[in-house]
Amino acid sequence: MKSDQSIRNICIAAIKRKIRKPFDFLLTDMFEKETINEIDNDDFKMLVFFENELPIARTRVYADSWTLITSRQIISCKDGMIIACQANKVLSWTWNDFKGYNRLPFTIGQLKFGDNQTLEIFIETGRASMVIIYAIRTLVGQLAQ
């Protein structure tokens, strides 16, 4: 199995290949060097992380509504309700239709996992959408190998 650092490096490289600079998004952050403890940890204080697990990207639309991609999990909080899914359990995804969303700051995609369970994820619209989309696609692909 690849290390968490290796998985994060691969995901960040995939994201950067798809997005042109600058990486200055309103709602979305990429984490190239930070640990979980070094980012805005108030959102994550109730969560349990695996040893060596690293953050990759986050879209935060409100204080109680966000999606975090780590080197092992996809975690989404909607109106304060947190649901986590191990990335190797993701079976399929729907990103939503981005046409006509240029006036909205975010949209909601869905990941299907396990026994027909669904995880709603927040995706910032525009160029920033590629951060979450490619983080998830690459992460799931890396963990499936």
Single match in Ile19, Ile74 (criterion: touching a strand residue (DSSP E or B) at 6+ places or on another chain (Cβ under 7 Å) and either modelled with pLDDT of 85 or more or under 14 Å from Ser129 (Cα atoms) (or both)): Ile74
Which listed residue, of Ile36, Ile10, is more than 18 Å from Phe122 (Cα to Cα) and touching a Pro at 6+ places or on another chain (Cβ under 7 Å): Ile36
Number of the condition not met by Ser92 [criteria: (1) surrounded by 20 or more Cβ atoms within 10 Å (Cβ to Cβ); (2) over 18 Å from Ile12 (Cβ atoms)]: (1)
Phe44 over 19 Å from Val131 (Cβ atoms) and among the aromatic types (Phe, Trp, Tyr): no
Met30 being of a type outside the set (Asp, Glu) and in contact with a helix residue (DSSP H, G or I) (Cβ under 7 Å, 6 or more places away or on another chain): yes
Check on Thr59, surrounded by 15 or more Cβ atoms within 10 Å (Cβ to Cβ), among the β-branched types (Val, Ile, Thr) and touching a Phe, Trp or Tyr at 6+ places or on another chain (Cβ under 7 Å): yes
Test for Ser76: is it touching a residue at least 12 places away in the same chain (Cβ under 8 Å), over 20 Å from Asn116 (Cβ atoms), small (Gly, Ala, Ser) and touching a Phe, Trp or Tyr at 6+ places or on another chain (Cβ under 9 Å): no
Residue check, Arg17 exposed (fewer than 14 other Cβ atoms within 10 Å of the Cβ) and not β-branched (Val, Ile, Thr): yes
Residue, surrounded by the fewest Cβ atoms within 10 Å (Cβ to Cβ), within segment 108-136, restricted to residues that are modelled with pLDDT of 90 or more and of a type in the set (Val, Ile, Thr): Thr118
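The values are calculated or read from the model by the stated rules, or taken from the named source; none is laboratory data. Predicted, not measured: the structure shown is a model, and the values here were computed from it. Reconstructed Cβ throughout: ideal geometry from the backbone, glycine too, with neighbour counts over all protein chains shown.
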